[in-house]
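Participant: My structure is below; once you've seen it, I'll send some questions.
The values are calculated or read from the model by the stated rules, or taken from the named source; none is laboratory data. Predicted model only: the values in this text are computed from it and were never measured. Every residue, glycine as well, gets a Cβ built from its backbone with ideal geometry; the counts of neighbours run over all protein chains shown.
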Amino acid sequence: MKSIKTIIILFSIILLTQCRQEENATFKITTNRVGNLEKESLARDLDLIYAKDSIVRDTIKSNFGSGSSKIKIYEKGGPLLLTLTPNSDSIPTIQNVLINDKRFTTDKGINIESTFKDIQEKYEIKKIITSINNVVILLKDSDIYFTIDKAELPENLRYKANTNIEAVQIPDAAKIKYMMVGWD
């Protein structure tokens, strides 16, 4: 009798642990996945991948036959999770993923509510690209990249589009404007 209780308790613990791991995978960003979406996933399979969620496609683009420019994935009855951009191949896959929900987290614990300091502590920065209104942070050995609004920078760096900005010039508390995954 005692061994049956022990087996039941062990089985319950294993079952709970497995359920917790699957739940976390729904919002996990890895090298080849963003939640349920895989790097090789076809755009035509999104209805199957997100069967429990709501998918909104750009109907104007779809009606003219040139494919969907943006596909938004909403949690059923809830917030925007992801904005997907398919590539223009004959059999399109997803090229870019914009992370819209803070529950999506990298294996190193970074999400859209993280700061530049968090990124710098967890990842090696490959390159910083300056645009008119933003700074784009590319990571070494990762498809993840971040955009920080120039409004987060010191005033002397905000209004010069051609200025090369280095990591030491970006404040630790600078907030992430966009978190994206770009698959080739």
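Participant: Can you spot a residue in region 96-104 that is closer than 27 Å to residue 151 by Cβ, aromatic (Phe, Trp, Tyr) and not in a helix (DSSP H, G or I)? Write out each step before concluding.
Facilitator: First, the residues of region 96-104 that are closer than 27 Å to residue 151 by Cβ: 96-104.
Add one more test, that the residue is aromatic (Phe, Trp, Tyr), and what stays is 104.
Applying the additional criterion that residues be not in a helix (DSSP H, G or I) yields 104.
Checking region 96-104: at least one residue is closer than 27 Å to residue 151 by Cβ, aromatic (Phe, Trp, Tyr) and not in a helix (DSSP H, G or I).
Participant: Pairs under 9 Å by beta carbon, first residue within 16 Å of residue 174 (Cα to Cα) in region 112-141, partner surrounded by 18 or more Cβ atoms within 10 Å (Cβ to Cβ) and basic (Lys, Arg), six or more apart or different chains?
Facilitator: 130/150; 133/150; 134/150; 135/150
Here's the yes/no breakdown for (1) basic (Lys, Arg); (2) surrounded by fewer than 17 Cβ atoms within 10 Å (Cβ to Cβ); (3) modelled with pLDDT of 95 or more:
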{"site": "47", "(1), (2), (3)": "no, yes, no"}
{"site": "54", "(1), (2), (3)": "no, yes, no"}
{"site": "78", "(1), (2), (3)": "no, yes, no"}
{"site": "85", "(1), (2), (3)": "no, no, no"}
{"site": "88", "(1), (2), (3)": "no, yes, no"}
{"site": "117", "(1), (2), (3)": "yes, yes, yes"}
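Participant: Applying the selection to region 56-72, what residues are farther than 14 Å from residue 94 by Cα, at pLDDT 55 or above and part of a loop (DSSP other than H, G, I, E, B)?
Facilitator: Keep residues of region 56-72 that are farther than 14 Å from residue 94 by Cα, which gives 56, 58-66.
This time we only want the ones that are at pLDDT 55 or above, so: 56, 58-60.
58, the sole residue that qualifies.
Participant: How many residues are charged (D, E, K, R), over 9 Å from the mean Cα position of the chain (by Cα) and within 17 Å of residue 28 (Cβ to Cβ) if we restrict to region 84-101?
Facilitator: Let us first name the residues in region 84-101 that are charged (D, E, K, R), namely 89, 101.
Those left that are additionally over 9 Å from the mean Cα position of the chain (by Cα): 89.
Subset that is within 17 Å of residue 28 (Cβ to Cβ): none.
Adding up the residues that qualify gives 0.
Participant: Read through the list (1) in contact with an Asp or Glu (Cβ under 7 Å, 6 or more places away or on another chain); (2) among the polar types (S, T, N, Q); (3) closer than 29 Å to residue 173 by Cα, then give the number of the only condition that residue 106 fails.
Facilitator: Only one criterion is unmet by residue 106, namely (1).
Participant: Only one of 126, 117 is assigned to a helix (DSSP H, G or I) and outside the structural domain of residue 73 (by TED's automatic domain parsing); which?
Facilitator: Details: 126 fails: assigned to a helix (DSSP H, G or I).
Within the list 126, 117, the selection yields 117.
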